Amino acid sequence: MSVVFLAVAPIFALILLGFVLNRLDFPSVGFWPMSERLTYYVLFPALLISGLSGRTYDASAFGLAAVLFGSICLVSGAMILLRRLMPVDGPGFTSIFQGGIRPNTYVGLSLAAALLGPEWMTLSGVALLTIIPLVNVLCVLALARHGSDGGGLGRTLAQLAKNPLILSCVAGFALNGFGVALPAVVEQWLVILGKAALPMGLLAVGAGLQVQELKGQAAPLVISSLAHLVALPLAAFALSLLFGLDPDMRNAALIYTAIPVAVSAFILARQMGGDHRLMASIITVQTLLSAATMPLVIGFLAH
């Protein structure tokens, strides 16, 4: 567990620094939204393309994909079945739902880089290409059904087609599949850009925390946090044993299910009629709680 804690500590130190800098309006009020856009659309795609190209994959990767797919579907199904017992309206349920399954890829990639060894990017590519389309489809469908603004299949497909993380994962896997090697100059350019992705992403996570929103929302916060930080990694662990994953893949499944909800859930909630204020509270609480739950969950279950 001490190894996991030592890996988690610098990640949350960067998140805390981002929170403090934003509270101080440093370097400026408009800096953090723009930095998050830069990270999401430029730096992270560069990291993924450079990290996924030139690697080898085998059939065992399907086991990791199946575990992640199954654990997300199990937790999503449980939340839908328990919907009527939750003390929230439709938009509030969509925020609990997003909070239960949408992962913060900034935290996930940082933790994977620290814990998974030299194959961390290969495993992360499989994880992201499984999680991102599935979670986006499920969350958009939930918002279309229960949100106040609605939506539809066309909107879901359009979001997936424009998602830079999906596109960059597909590009990285395609370069491998066709045996295309990037020119050395391009490879180095992407590597240099990618090195900025993780610290900038974590600082942006901290800057997006909204502590002032935490008022009178105990039940939704508890339900969403238990679903994401406890039930989801436990489901992944059980399925990892069922599918006989090797330790590295099991650890990757745990990492990408034990991380907190993504800040982007707030944007989607606001765009599609979810309860964006509740979503902001869930993001803040889960990010804070995960500093304690991730070392516990991963430390106990990873070996």
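Values quoted throughout were computed directly from the atomic coordinates according to the rules given, and no laboratory measurement underlies them. As the structure is a prediction and not an experimental result, all values here were calculated from the model. Every residue, glycine as well, gets a Cβ built from its backbone with ideal geometry; the counts of neighbours run over all protein chains shown.
General remarks:
- Simple label model, 7 Å out from Cα along Cβ direction - residue 242 to residue 189, nm: 4.6 nm
- Taking 0.36 nm per residue of separation and subtracting the Cα-Cα distance, full extension of the segment from residue 196 to residue 16 would add 63.0 nm.
- Under the criterion of Cα pairs below 8 Å and six or more residues apart, the relative contact order for the chain equals 36 percent.
- Ranked 195, 162, criterion: other C-beta atoms within 10 Å, fewest first: 162, 195
- Its DSSP H runs of at least 4 residues, each contributing -39,500 (n - 2.57), put the calculated 222 nm mean residue ellipticity of the chain at -24000 deg cm²/dmol, to the nearest 500.
- Added length on full extension, which subtracts the Cα-Cα distance from 0.36 nm per residue, residue 78 to residue 137: 19.6 nm
- Taking a ≥ b ≥ c as the square roots of the eigenvalues of the Cα gyration tensor, the range 1-153 is oblate, since a/c reaches 1.5 or more and a/b is not larger than b/c.
- Between the residues 197, 27, 177, the greatest Cα displacement towards the positive end of the dipole of the chain, with unit charges on the Cβ of Lys, Arg, Asp and Glu, is found for 27.
- Chain lengthening between residue 218 and residue 270 when straightened (0.36 nm per residue, less Cα-Cα): 16.6 nm
- Tensor-based shape of the range 215-303 (alpha-carbon gyration tensor, a/c under 1.5 rounded, otherwise prolate or oblate): prolate
- Ranked for footprinting exposure by Cβ neighbours inside 10 Å, fewest first, 168, 240 give 168, 240.
- Dipole magnitude of the chain about its Cα centre (Cβ charges: Lys, Arg +1; Asp, Glu -1), debye to nearest 20: 520 debye
- Shape call, the range 2-296: gyration tensor on alpha carbons, a/c limit 1.5: rounded
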